[in-house]
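Everything below concerns the one structure shown next.
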Amino acid sequence: MSEVTLEERGRALENQFYEKENQQKLSAMKEKLESQSNREELRKASGMSDDAVLDKLVALGLKSNTIAALSLVPLISVAWADGSIQDNERTAILQGAHGKGLEQGTDGYALLETWLDKRPSDDLFVAWEAYIKALAGQLNDEQNRLLKNQILGFAKMVATSAGGILGFGKVSGTEEKVLQRIEDAFAR
(Lines give C-alpha, C1' and ligand atoms only; values in the text may rest on other atoms or scores of the structure.)
Protein backbone atom coordinates (compact mmCIF):
# COMPACT_ATOMS: atom_id res chain seq x y z
CA MET A 1 0.00 0.00 0.00
CA SER A 2 1.19 3.43 -0.77
CA GLU A 3 1.08 6.06 1.88
CA VAL A 4 -0.68 9.34 1.26
CA THR A 5 1.75 12.18 1.53
CA LEU A 6 1.15 15.30 3.48
CA GLU A 7 1.11 17.25 0.23
CA GLU A 8 -1.59 14.99 -1.25
CA ARG A 9 -3.71 15.37 1.87
CA GLY A 10 -3.30 19.11 1.66
CA ARG A 11 -4.44 19.13 -1.97
CA ALA A 12 -7.44 16.95 -1.10
CA LEU A 13 -8.46 19.33 1.68
CA GLU A 14 -7.97 22.29 -0.62
CA ASN A 15 -10.12 20.63 -3.29
CA GLN A 16 -12.86 19.93 -0.74
CA PHE A 17 -12.76 23.55 0.39
CA TYR A 18 -13.09 24.91 -3.14
CA GLU A 19 -15.77 22.37 -4.03
CA LYS A 20 -17.84 23.45 -1.02
CA GLU A 21 -17.23 27.13 -1.80
CA ASN A 22 -18.27 26.60 -5.44
CA GLN A 23 -21.44 24.81 -4.32
CA GLN A 24 -22.29 27.75 -2.07
CA LYS A 25 -21.68 30.22 -4.91
CA LEU A 26 -23.81 28.15 -7.28
CA SER A 27 -26.57 27.94 -4.69
CA ALA A 28 -26.46 31.72 -4.13
CA MET A 29 -26.60 32.35 -7.89
CA LYS A 30 -29.53 29.95 -8.29
CA GLU A 31 -31.37 31.66 -5.42
CA LYS A 32 -30.76 35.10 -6.95
CA LEU A 33 -32.00 33.97 -10.37
CA GLU A 34 -35.08 32.38 -8.80
CA SER A 35 -35.78 35.57 -6.87
CA GLN A 36 -35.45 37.67 -10.05
CA SER A 37 -37.74 35.27 -11.89
CA ASN A 38 -40.33 35.45 -9.08
CA ARG A 39 -40.10 39.25 -9.14
CA GLU A 40 -40.76 39.34 -12.91
CA GLU A 41 -43.70 36.93 -12.59
CA LEU A 42 -45.12 39.09 -9.77
CA ARG A 43 -44.61 42.19 -11.92
CA LYS A 44 -46.73 40.63 -14.67
CA ALA A 45 -49.41 39.26 -12.33
CA SER A 46 -49.81 42.43 -10.26
CA GLY A 47 -49.09 45.18 -12.76
CA MET A 48 -46.67 46.61 -10.17
CA SER A 49 -43.48 48.26 -11.46
CA ASP A 50 -41.74 49.27 -8.21
CA ASP A 51 -38.80 46.88 -7.74
CA ALA A 52 -38.46 47.64 -4.01
CA VAL A 53 -42.09 46.68 -3.40
CA LEU A 54 -41.76 43.58 -5.58
CA ASP A 55 -38.62 42.55 -3.68
CA LYS A 56 -40.51 42.85 -0.37
CA LEU A 57 -43.29 40.65 -1.75
CA VAL A 58 -40.78 38.06 -3.00
CA ALA A 59 -39.02 38.09 0.40
CA LEU A 60 -42.39 37.28 2.01
CA GLY A 61 -42.74 34.25 -0.26
CA LEU A 62 -45.44 35.66 -2.54
CA LYS A 63 -45.48 34.43 -6.13
CA SER A 64 -47.64 35.13 -9.15
CA ASN A 65 -49.98 32.29 -8.14
CA THR A 66 -50.42 33.69 -4.61
CA ILE A 67 -50.63 37.44 -5.32
CA ALA A 68 -54.44 37.40 -5.11
CA ALA A 69 -54.06 36.49 -1.43
CA LEU A 70 -52.24 39.80 -0.89
CA SER A 71 -55.50 41.66 -1.47
CA LEU A 72 -56.88 39.93 1.64
CA VAL A 73 -54.07 41.08 3.97
CA PRO A 74 -56.17 43.99 5.35
CA LEU A 75 -58.94 41.54 6.25
CA ILE A 76 -56.44 39.22 7.92
CA SER A 77 -54.95 42.14 9.87
CA VAL A 78 -58.35 43.31 11.10
CA ALA A 79 -59.33 39.78 12.09
CA TRP A 80 -56.10 39.27 14.08
CA ALA A 81 -56.28 42.76 15.69
CA ASP A 82 -57.81 41.37 18.90
CA GLY A 83 -55.33 38.50 19.12
CA SER A 84 -57.43 35.71 17.62
CA ILE A 85 -59.72 35.11 14.68
CA GLN A 86 -63.39 34.47 15.44
CA ASP A 87 -65.38 31.95 13.39
CA ASN A 88 -67.49 34.73 11.83
CA GLU A 89 -64.34 36.60 10.79
CA ARG A 90 -62.88 33.44 9.25
CA THR A 91 -66.11 32.86 7.31
CA ALA A 92 -66.16 36.47 6.06
CA ILE A 93 -62.53 36.25 4.91
CA LEU A 94 -63.05 32.94 3.12
CA GLN A 95 -66.08 34.43 1.35
CA GLY A 96 -63.86 37.33 0.30
CA ALA A 97 -61.28 34.87 -0.96
CA HIS A 98 -63.89 33.14 -3.09
CA GLY A 99 -64.84 36.54 -4.52
CA LYS A 100 -61.18 37.10 -5.48
CA GLY A 101 -61.02 33.77 -7.29
CA LEU A 102 -59.05 32.00 -4.58
CA GLU A 103 -60.42 28.50 -4.52
CA GLN A 104 -59.65 25.64 -2.19
CA GLY A 105 -56.68 23.64 -3.48
CA THR A 106 -54.86 26.62 -4.99
CA ASP A 107 -51.55 27.98 -3.68
CA GLY A 108 -53.16 31.33 -2.85
CA TYR A 109 -55.88 29.64 -0.80
CA ALA A 110 -53.27 27.56 1.05
CA LEU A 111 -51.35 30.74 1.85
CA LEU A 112 -54.54 32.38 3.12
CA GLU A 113 -55.27 29.36 5.34
CA THR A 114 -51.77 29.69 6.80
CA TRP A 115 -52.50 33.33 7.68
CA LEU A 116 -55.81 32.32 9.25
CA ASP A 117 -54.19 29.60 11.37
CA LYS A 118 -51.12 31.52 12.48
CA ARG A 119 -50.91 35.28 12.84
CA PRO A 120 -48.53 36.64 10.18
CA SER A 121 -45.81 39.08 11.17
CA ASP A 122 -46.37 42.79 10.70
CA ASP A 123 -43.94 42.60 7.75
CA LEU A 124 -46.82 41.26 5.68
CA PHE A 125 -48.99 44.31 6.41
CA VAL A 126 -46.01 46.63 5.78
CA ALA A 127 -45.49 44.96 2.38
CA TRP A 128 -49.21 45.36 1.63
CA GLU A 129 -49.01 49.06 2.55
CA ALA A 130 -46.05 49.53 0.20
CA TYR A 131 -47.93 47.66 -2.53
CA ILE A 132 -51.04 49.84 -2.10
CA LYS A 133 -49.04 53.08 -2.00
CA ALA A 134 -47.29 52.12 -5.24
CA LEU A 135 -50.56 50.97 -6.83
CA ALA A 136 -52.44 54.10 -5.71
CA GLY A 137 -49.74 56.19 -7.39
CA GLN A 138 -50.65 54.52 -10.70
CA LEU A 139 -54.41 55.11 -10.35
CA ASN A 140 -56.41 58.26 -10.96
CA ASP A 141 -58.32 59.82 -8.05
CA GLU A 142 -61.59 58.05 -8.84
CA GLN A 143 -59.97 54.61 -9.21
CA ASN A 144 -58.06 55.16 -5.98
CA ARG A 145 -61.24 56.16 -4.14
CA LEU A 146 -63.13 53.11 -5.43
CA LEU A 147 -60.32 50.71 -4.49
CA LYS A 148 -60.01 52.28 -1.02
CA ASN A 149 -63.76 52.09 -0.42
CA GLN A 150 -63.90 48.46 -1.54
CA ILE A 151 -61.01 47.34 0.67
CA LEU A 152 -62.19 49.37 3.67
CA GLY A 153 -65.73 48.09 3.19
CA PHE A 154 -64.59 44.47 3.29
CA ALA A 155 -62.29 45.15 6.25
CA LYS A 156 -65.12 46.81 8.19
CA MET A 157 -67.37 43.85 7.38
CA VAL A 158 -64.80 41.53 8.97
CA ALA A 159 -64.39 43.86 11.96
CA THR A 160 -68.12 43.95 12.65
CA SER A 161 -68.70 40.24 11.98
CA ALA A 162 -67.53 39.12 15.42
CA GLY A 163 -68.73 41.93 17.67
CA GLY A 164 -71.82 43.56 19.07
CA ILE A 165 -75.32 42.16 19.37
CA LEU A 166 -75.91 39.24 17.01
CA GLY A 167 -72.49 39.96 15.51
CA PHE A 168 -73.28 43.47 14.27
CA GLY A 169 -72.20 46.94 15.21
CA LYS A 170 -69.20 46.62 17.51
CA VAL A 171 -65.67 47.33 16.35
CA SER A 172 -62.92 47.19 18.94
CA GLY A 173 -60.30 49.87 19.46
CA THR A 174 -57.55 47.66 18.07
CA GLU A 175 -59.64 46.92 14.99
CA GLU A 176 -60.27 50.68 14.56
CA LYS A 177 -56.48 51.25 14.57
CA VAL A 178 -56.00 48.67 11.82
CA LEU A 179 -58.87 50.19 9.81
CA GLN A 180 -57.23 53.61 10.14
CA ARG A 181 -53.91 52.15 9.02
CA ILE A 182 -55.62 50.66 5.96
CA GLU A 183 -57.17 54.02 5.12
CA ASP A 184 -53.83 55.81 5.62
CA ALA A 185 -52.17 53.47 3.11
CA PHE A 186 -54.17 55.19 0.36
CA ALA A 187 -52.98 58.71 1.24
CA ARG A 188 -50.95 60.27 -1.54
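Filtered by the rule that a residue be charged (D, E, K, R), touching a Ser or Thr at 6+ places or on another chain (Cβ under 7 Å) and closer than 26 Å to PHE186 by Cα, region 89-127 gives GLU89, LYS100.
Go through the residues of region 114-135 one by one and say whether even a single one is assigned to a loop (DSSP other than H, G, I, E, B), hydroxyl-bearing (Ser, Thr, Tyr), out of contact with any strand residue (DSSP E or B) (no Cβ under 9 Å at 6 or more places or on another chain) and without any contact (Cβ under 8 Å) to a residue 12 or more places away in the chain. Yes; the residues of region 114-135 include at least one that is assigned to a loop (DSSP other than H, G, I, E, B), hydroxyl-bearing (Ser, Thr, Tyr), out of contact with any strand residue (DSSP E or B) (no Cβ under 9 Å at 6 or more places or on another chain) and without any contact (Cβ under 8 Å) to a residue 12 or more places away in the chain. A residue that is over 20 Å from ALA127 (Cα atoms), of a type in the set (Asp, Glu) and surrounded by 13 or more Cβ atoms within 10 Å (Cβ to Cβ) cannot be found anywhere in region 12-30.
When ASN88 is tested against (1) of a type outside the set (A, V, I, L, M); (2) surrounded by 15 or more Cβ atoms within 10 Å (Cβ to Cβ); (3) touching a residue at least 40 places away in the same chain (Cβ under 8 Å); (4) not in a helix (DSSP H, G or I), just one condition goes unmet, and that condition is (4). Filter region 80-106 down to the residues that are under 16 Å from the mean Cα position of the chain (by Cα) and of a type outside the set (Val, Ile, Thr) and list them by number. Passing the criteria: TRP80, ALA97, LYS100, LEU102. Among residues of region 2-16 that are assigned to a helix (DSSP H, G or I) and at pLDDT below 75, none has a beta-carbon under 6 Å from a residue that is surrounded by 10 or more Cβ atoms within 10 Å (Cβ to Cβ) and not basic (Lys, Arg) at least six positions away or on a different chain.
Tell me, which residue of region 35-59 that is farther than 20 Å from LEU139 by Cα and among the hydroxyl-bearing types (Ser, Thr, Tyr) is modelled with the lowest pLDDT? Of everything passing the filter in region 35-59, SER35 is modelled with the lowest pLDDT. Under the condition of being surrounded by 17 or more Cβ atoms within 10 Å (Cβ to Cβ) and in contact (Cβ under 8 Å) with a residue 40 or more places away in the chain, which residue from region 51-61 is farthest from the chain's Cα centre (by Cα)? Only one residue tops the list, namely VAL53. The single residue among GLN180, GLN150, GLN138 that is loosely packed, with under 15 Cβ neighbours inside 10 Å and assigned to a loop (DSSP other than H, G, I, E, B) turns out to be GLN138. Checked against the criterion of being assigned to a helix (DSSP H, G or I) and more than 19 Å from GLN180 (Cα to Cα), region 153-161 has no qualifying residue. Mind checking whether some residue in region 87-99 is more than 23 Å from THR160 (Cα to Cα), modelled with pLDDT under 90 and not polar (S, T, N, Q)? Scanning region 87-99, I find no residue that is more than 23 Å from THR160 (Cα to Cα), modelled with pLDDT under 90 and not polar (S, T, N, Q), so the answer is no.
Considering the conditions (1) of a type in the set (Val, Ile, Thr); (2) under 22 Å from the mean Cα position of the chain (by Cα); (3) farther than 14 Å from TRP128 by Cα, ILE67 is excluded by exactly one of them, (3).
For region 119-131, the criterion of being of a type in the set (A, V, I, L, M, F, W, C), surrounded by 18 or more Cβ atoms within 10 Å (Cβ to Cβ) and over 16 Å from GLY61 (Cα atoms) is satisfied by no residue at all.
The values are calculated or read from the model by the stated rules, or taken from the named source; none is laboratory data. Only a predicted model underlies this, so the values are computations on that prediction, with no experimental measurement involved. Every residue, glycine among them, receives a Cβ derived from its backbone with ideal geometry; neighbour counts consider all protein chains shown.
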